[in-house]
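Enquirer: I'd like to ask you about the structure that follows.
The values are calculated or read from the model by the stated rules, or taken from the named source; none is laboratory data. The model shown is predicted, which means the values in this text are computed figures rather than measured ones. Cβ placement follows ideal geometry from the backbone for every residue including glycine, while neighbour counts extend to all protein chains displayed. All accessible areas refer to the heavy atoms of the entire protein, side chains included, with ligands and DNA or RNA removed. Shrake-Rupley method; radii C 1.70, N 1.55, O 1.52, S 1.80 Å.
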Amino acid sequence: MNLEKDIDVTALGELLIDFTECGPSGQGNPTYEANPGGAPCNVLSMLTRLGRKVAFIGKVGDDIFGRQLTKAVVEQGIDIGGLRKDPENHTTLAFVEKLPDGDRDFSFYRKPGADMSLLPEEVDCDRIRRARIFHFGTLSLTDEPVRSATREAVRAAEESGCIRSFDPNLRPPLWESEEEARRQTAYGLAHCDILKIADNEIRWFTGEEDFDAGLDVLQRDYPGIRLICLSMGPEGSLACYKGFRFRVPAFLNEKTIETTGAGDTFGACVLDFVLEHGLDDLSVGDLRSMLVFANAAASVVTTRRGALRVMPTREEVEELCGNAEERK
């Protein structure tokens, strides 16, 4: 199939509001900032900072938050020709609490949310076929009809020769059962070329505490995955490619205030690298460069509240990388 690939990355999934804590009010009540978010659009937003052309497919409510999100996404330079509005269901909301160990806890208002109501016939397959990479996660696999819509999008990506990128982005409260979460995660793993997975997700899915053992399981059971990138928070990241593995330490930042969007920023940088270098013949040096840049970008975004609107530029990331090299 000969198609003009004039979009770098098309992503499908959730677009929502992250209400993030920003200190107590004068009365001592917690206050929250309504930040635009959702993993797929966070990834796309970072890619626009890196000069990439991107498109989003999803659904928001025809409400105040849906309008806020639409405006925010357009401001980032993301093509929203595939964004639909739901007149019946409200935009999904997530309240994000920062835990003492620096991790986060999520409370979702999504029973149902507009993102869940995307229909297969509403999927803009043209924007998928025109893309070099198609990116998706599991939040669009939790319920129908968006689950069927996601599978329709994956079929279009496969038929048109897109590189497929998958991020499990595990959110246990959104699943009816852990067994269903495993089944749908397994579907994503079986239909991707690039996997970005977090430390808690690989342990959960494989049952292995040791990362190398977990990677062994994924490589054995899902041989079609060509590149696995494992993000490990303060322990750095690891790339698994053609039988060898390479690990890079994190850029620990004393100015970190929250980690929302760090994994999405990391994943976007991996996709940017693949767009530049392909997947066929990467060296250890290539993997090191990819992970160093991705770790640095993730570090920068942890110093900012929110994600989609505050992604770092290439220059900011390169400056952090350069400063780290000078300190060696």
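Enquirer: Quick one: which residues, 5+ away or cross-chain, put their amide H under 5 Å from the amide H of K59? H built at 1.01 Å from N.
Expert: For K59, the qualifying residues are L15, R84.
Enquirer: Same structure again: Considering only protein heavy atoms and a probe of 1.4 Å, how much of the accessible area of the stretch 69-158 is carbon and sulfur, as a whole percent?
Expert: With neighbouring chains kept in place, the figure for the stretch 69-158 is 47 percent.
Enquirer: Rounded if a/c is under 1.5, else prolate if a/b beats b/c, else oblate: with a ≥ b ≥ c from the C-alpha gyration tensor eigenvalues square-rooted, which is the chain?
Expert: rounded
Enquirer: With every protein chain kept in place and ligands, DNA and RNA left out, what is the accessible area per residue of the stretch 135-269? Probe 1.4 Å, answer in Å².
Expert: Value for the stretch 135-269: 40 Å² per residue.
Enquirer: Another question, if that's okay. When we measure straight from the Cα of K53, which lysines land under 30 angstrom away, once same-chain ones fewer than 8 places off are left out?
Expert: K5, K71, K85, K196, K242
Enquirer: Do you know the relative contact order of the chain, to the nearest whole percent, from alpha carbon pairs under 8 angstrom that are 6+ apart?
Expert: 17
Enquirer: Using +1 on the beta carbon of Lys and Arg, -1 on that of Asp and Glu, and nothing else charged, what's the dipole of the stretch 1-74 about the Cα centre, debye to 20?
Expert: Computed charge dipole of the stretch 1-74: roughly 240 debye.
Enquirer: Continuing with the same structure: Pick out which of C229, C41, C22 has the largest mean-square fluctuation in a Gaussian network model of the chain, springs linking Cα atoms closer than 10 Å.
Expert: Sorting by GNM fluctuation, first place goes to C22.
Enquirer: Also, quick follow-up: Given a Förster distance of 22 angstrom, what is the FRET efficiency for A34 paired with H277, based on the Cβ-Cβ distance and rounded to 0.05?
Expert: Computed FRET efficiency for A34 and H277 comes out at 0.05.
Enquirer: Additional query: Mind checking which aspartates and glutamates have their Cα closer than 13 Å to the Cα of K111? Skip sequence neighbours fewer than 8 apart in that chain.
Expert: The qualifying aspartates and glutamates are E88, D143, E144, E176.
Enquirer: Also, quick follow-up: Could you please state, rounded to a whole Å, how far the C-alpha centre of the stretch 104-146 is from the C-alpha centre of the stretch 214-270?
Expert: 23
Enquirer: Turning to a different aspect of this structure: Normalised by the number of residues in the stretch 188-328, what is the relative contact order in percent for Cα pairs under 8 Å and 6+ residues apart?
Expert: It comes to 20 percent, rounded to a whole number.
Enquirer: Would you kindly state how much longer the chain becomes between D6 and E97 on full extension, computed as 0.36 nm times their sequence separation minus their alpha carbon distance, in nm to one decimal?
Expert: Result: 28.8 nm gained on full extension.
Enquirer: If packing is taken as the average count of other Cβ atoms within 10 Å, what order do 293-300, 270-277 fall into, highest mean first?
Expert: Listed from highest to lowest mean packing, they are 293-300, 270-277.
Enquirer: From the helices alone, meaning DSSP H stretches of at least four residues, give me the mean residue ellipticity at 222 nm for the chain, per-run term -39500 (n - 2.57), in deg cm²/dmol to the nearest 500.
Expert: So the helix-based figure for the chain works out to -11500 deg cm²/dmol.
Enquirer: Before anything else, pin down the relative contact order of the stretch 1-125: Cα pairs under 8 Å, at least 6 apart, normalised by residue count, whole percent.
Expert: In percent, rounded to a whole number, it is 26.
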